[in-house]
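Peer 1: Can you read through this structure? Questions will come right after.
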Amino acid sequence: MKRFFLLAALAIGMSAAGFATDKAKVVAHRGHWKPAGSAQNSIRSLVKADSIGCWGSEFDVWRTADGKLVVNHDGVHDGVVIQTSNAKEVTALKLSNGEKLPLLKDYLNTFRKHPNLKVVCELKSHKDAEAERMAVHEILKMMKKKGLEKRVVYISFSLPAVKEFIKYAPKGTEVYYLNGELNPKELKAIGCAGPDYPLYILKGNPSWIKECHDLGMKVNIWTVDKKEDLQWCINNGADFITTNNPEELQQMLK
Ligand code: MG
């Protein structure tokens, strides 16, 4: 009996201190790209993320000059500036594993074949604000058409894009802000599901994770690769951890 009360007190103490009782969810940053044959933001990387049982696979979206959505991290690939080039030129470029730089449409078609994997979609900040706004609406439309609306989480460094997703995505869609300068109350006020902030921001604001949880938000932390940093995120109750080392994190969570 004594033991029961001790355990109960410990559990209450831990939740009061902001420790998550659920395990953190593993998000593969730009897919699971480290294995042979994979590459960042390749279709192979999302297949690999699913093959090891990640919760979600993250990728980055750009809009080309002729209004097509493509998946790549950098805005410039092999000297080609994506925002100011046409899709024909951009999708002829090769990734390091030999795949062609993918159209978002094809990327999402692969997600459809991997129904357990969450779609963690980052819209990059575009120079042309109107192009970025149109990208939000084109992405929303495409997710609906592909039947992925209930599986997608949106993230962006662009505050206008975050606000546009919040305003127009179906009710209940989670939208996270990446840039780090808004505090938990400010995030809540604009309707964010929570922060998706770099580790140093959350280490520098040690009360924020608990504040977010108290406000009913979730916390994602990027991009965490070192073992001691992954452990910090686990110990401090991160809901999601975005990492280039998903297999190591999964081992630690076991
Ligand atoms: Mg990204």
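Bear in mind that the values in this text are calculations on the coordinates, not laboratory data. Please read all numbers here as calculations on a predicted model, not as lab measurements. Here the Cβ is made from the backbone with ideal geometry for all residues, glycine too, and neighbour counts use every protein chain on show.
Peer 1: Being surrounded by fewer than 22 Cβ atoms within 10 Å (Cβ to Cβ) and within 14 Å of the ligand (Cβ to nearest atom) is the filter; apply it to segment 62-75 and report the residue that is farthest from the chain's Cα centre (by Cα).
Peer 2: Gly75
Peer 1: For segment 231-244: of the residues being of a type outside the set (Val, Ile, Thr) and either farther than 12 Å from Ser57 by Cα or more than 16 Å from the chain's Cα centre (by Cα) (or both), which is surrounded by the fewest Cβ atoms within 10 Å (Cβ to Cβ)?
Peer 2: Asn235
Peer 1: Look at segment 160-183 and say how many of its residues are at negative phi, touching a residue at least 12 places away in the same chain (Cβ under 8 Å) and either touching a strand residue (DSSP E or B) at 6+ places or on another chain (Cβ under 7 Å) or part of a loop (DSSP other than H, G, I, E, B) (or both).
Peer 2: Matching residues across segment 160-183 total 15.
Peer 1: Considering every residue within segment 87-100, establish whether at least one is away from the ligand (no atom under 16 Å from the Cβ), of a type in the set (Asp, Glu) and farther than 16 Å from Val47 by Cα.
Peer 2: So far as segment 87-100 goes, yes, one or more of its residues are away from the ligand (no atom under 16 Å from the Cβ), of a type in the set (Asp, Glu) and farther than 16 Å from Val47 by Cα.
Peer 1: Could you list, in sequence order, all residues of segment 26-41 that are among the basic types (Lys, Arg) and in contact with a strand residue (DSSP E or B) (Cβ under 8 Å, 6 or more places away or on another chain)? Let's see the steps before the verdict.
Peer 2: Filtering segment 26-41 down to residues among the basic types (Lys, Arg) leaves 30, 34.
Hit for segment 26-41 is Arg30, nothing else.
Peer 1: Checking the condition more than 16 Å from the ligand (Cβ to nearest atom) and buried (at least 22 other Cβ atoms within 10 Å of the Cβ), which residue from Met143, Met134 passes?
Peer 2: Met143 is the lone residue from the list that is more than 16 Å from the ligand (Cβ to nearest atom) and buried (at least 22 other Cβ atoms within 10 Å of the Cβ).
Peer 1: For residues that are β-branched (Val, Ile, Thr) and either surrounded by 16 or more Cβ atoms within 10 Å (Cβ to Cβ) or in a strand (DSSP E or B) (or both), scanning just segment 76-90, find the one that is farthest from the chain's Cα centre (by Cα).
Peer 2: The first filter runs over segment 76-90 and keeps only residues β-branched (Val, Ile, Thr), leaving 76, 80-82, 84, 90.
Now restrict to residues that are either surrounded by 16 or more Cβ atoms within 10 Å (Cβ to Cβ) or in a strand (DSSP E or B) (or both): 76, 80-82, 90.
Numbers: Val76: 21, Val80: 25, Val81: 23, Ile82: 21, Val90: 23 Å.
Checked segment 76-90; the qualifying residue farthest from the chain's Cα centre (by Cα) is Val80.
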